[in-house]
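The block underneath contains the structure these notes are about, expressed in structure tokens.
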């Protein structure tokens, strides 16, 4: 099994609402104040939060950018999304964990609702030749110029299939780009559940004979 250092990683959660929420039902004034709360919210500043409105019913979009534009929160009538990208270290993961944890505690979703989770990372091989040798196993014919791996896997204690994509990174030289997509119901012990996500992702990558070094303590 190849054990690779992680260069960059990120997480995105996307939660559709059961029915669209009109601008009054969404209570965006109160929601904006809550995400700016430094103790229970995301600790944002008011100037980081913007609202676009083009209709009095469902025509709105609240957007917040933070962590130097590497963090994004978007809320519309149909859904709410939270994403953090370009993380590098164990400290960055701790920040992501706490940010997503606060998000779920803040939102108080219906426990029957479902989140879509997307995660990705760039992991570096010692050389481009070793990376390409790994990817070559996915080439089914000589006509495939850039082979990639794609599969749906199941792992213990995870109720949904996990879609795993493995291909050459377009961002980090000599690296793979690995992406995961899956779902979970919004009825979890959030602290423990969210803290387990790196292990869940690695366990699903292990099926493809890939493993990852622990997140670096510093860059």
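Throughout, read-outs are computed from the coordinates displayed, never taken from laboratory work. Fair warning: this is a prediction, and the values are worked out from it, not measured in the lab. Glycine also receives a Cβ, built like all others from the backbone with ideal geometry; neighbour counts cover every protein chain displayed.
If one computes the Cα centroid of the stretch 36-82 and of the stretch 122-175, what distance in Å separates the two points?
Here the answer is 34 Å between Cα centres.
Per residue, how much space in cubic angstrom lies within the convex hull of the C-alpha atoms of the stretch 16-102?
Roughly 98 Å³ of hull volume per residue.
Whole number please: convex hull volume per residue of the Cα set in the stretch 121-185, in Å³?
Enclosed volume per residue, from the Cα hull, is 104 Å³.
Averaged over all directions, how much area does the convex hull of the C-alpha atoms of the chain cover when projected, in nm²?
13.9 nm²
Sort the stretch 174-219 into rounded, prolate or oblate with this rule: let a ≥ b ≥ c be the square roots of the eigenvalues of the Cα gyration tensor; rounded if a/c is under 1.5, and if a/c is not under 1.5, prolate when a/b is larger than b/c, oblate otherwise.
oblate
Going by C-beta contacts inside 10 Å, put 88, 131 in order with the fewest on the left.
Result, fewest neighbours first: 88, 131.
Fewest first, what order do 46, 115 take by the number of other Cβ atoms within 10 Å?
With the fewest neighbours first, 46, 115 line up as 46, 115.
Nearest 500 deg cm²/dmol is fine: what mean residue ellipticity at 222 nm does the chain get from its DSSP H runs of n ≥ 4 alone, each adding -39,500 (n - 2.57), divided by its residue count?
Counting only the DSSP helices, I get -7000 deg cm²/dmol.
What is the Cα convex hull volume of the stretch 21-65 when expressed per residue in Å³?
In the stretch 21-65, the Cα hull volume divided by residue count equals 64 Å³.
For 204, 196, which order do you get if you count the other beta carbons within 10 Å of each Cβ and list the fewest first?
With the fewest neighbours first, 204, 196 line up as 196, 204.
Based on Cα coordinates alone, diagonalise the gyration tensor for the stretch 101-219, multiply each eigenvalue by 5, take square roots, and list the semi-axes in whole Å, largest first.
Listed largest to smallest, the semi-axes of the stretch 101-219 are 31, 17, 12 Å.
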